[in-house]
Amino acid sequence: MTRRRRVRSGIALGGALALALLGCSPGIDRGSENDLPDFTLPDLDGQPVTLSDFRGKTVLLDFWATWCPPCIEQVPRLNEFWRNHRDGDQVVVIGVAVDVEGAEVVGPWVAEHQVEYTIVIGDEAVARSFGTIGFPTLAVIAPDGQVDSLHVGLIEISELEEIVASVRTHRSI
């Protein structure tokens, strides 16, 4: 094997390993309360939704896009999770759509995929302010207003249940 080929192989292997480790990560701790980017974004009816209004609750922010195939698979999981928690008033699920076309494209997609939780219209800049590096990314906001963790890719309901139970136990206001 030539030196150039070994270098390319090493770079490819290193990149694959980094992606594998990221995909297996339990989440990225964002640290202190000052790290929480607040936002006010319109929902599909044009009504403002402000993140800081949910202080005292665990908030799951699902950053997604209509052009993202794994985002479609995430919807039934988040719908089921939301159905299990919506009456308890302790957990909120908000989908943040990053499509540049806005509600005109997002609204029909949400109806077609029967999304049951709140959807707001954001953009990639909002997603990046939370540290996202791909879609879907789930940001878990603790009741004390801190970003608890980020989860890139699909997440199972059982994982969501464990994360929310842990956040409520260890980080409250």
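So, by mean Cβ neighbours within 10 angstrom, what's the order for 155-161, 63-69, 145-151 with the highest one leading?
Ranking the peptides 155-161, 63-69, 145-151 by packing returns 145-151, 63-69, 155-161.
What list of ³J(HN,Hα) values in whole Hz, one per residue of segment 48-53 in order, does the Karplus curve 6.51 cos²θ - 1.76 cosθ + 1.60 (θ = phi - 60°) give from phi, with Gly and Pro shown as x?
Running phi through 6.51 cos²θ - 1.76 cosθ + 1.60 with θ = phi - 60° gives x, 10, 10, 4, 5, 5 Hz.
Dipole of segment 27-170, Cα-centred, from +1 at each Lys and Arg C-beta and -1 at each Asp and Glu C-beta, to the nearest 20 debye?
That gives segment 27-170 a dipole magnitude of about 200 debye.
For segment 27-170, what does the alpha-carbon gyration tensor say about shape, rounded, prolate or oblate, given a ≥ b ≥ c as the root eigenvalues, a/c under 1.5 as rounded, and a/b over b/c as prolate?
Rounded shape, in that the Cα axes give a/c under 1.5.
May I ask you to derive the FRET efficiency for E80 and D144 from their Cβ-Cβ distance with R0 = 22 Å, giving the value to the nearest 0.05? Could the numbers behind the result be given before it?
On the way: r = 26 Å, r/R0 = 1.20.
For R0 = 22 Å, the calculated efficiency reads 0.25.
Read-outs: derived from the displayed coordinates by stated rules, not from any lab. Since the structure is predicted, the reported quantities are computational estimates derived from the model, not experimental observations. Here Cβ is always computed from backbone atoms with ideal geometry, including for glycine, and neighbour counts include all displayed protein chains.
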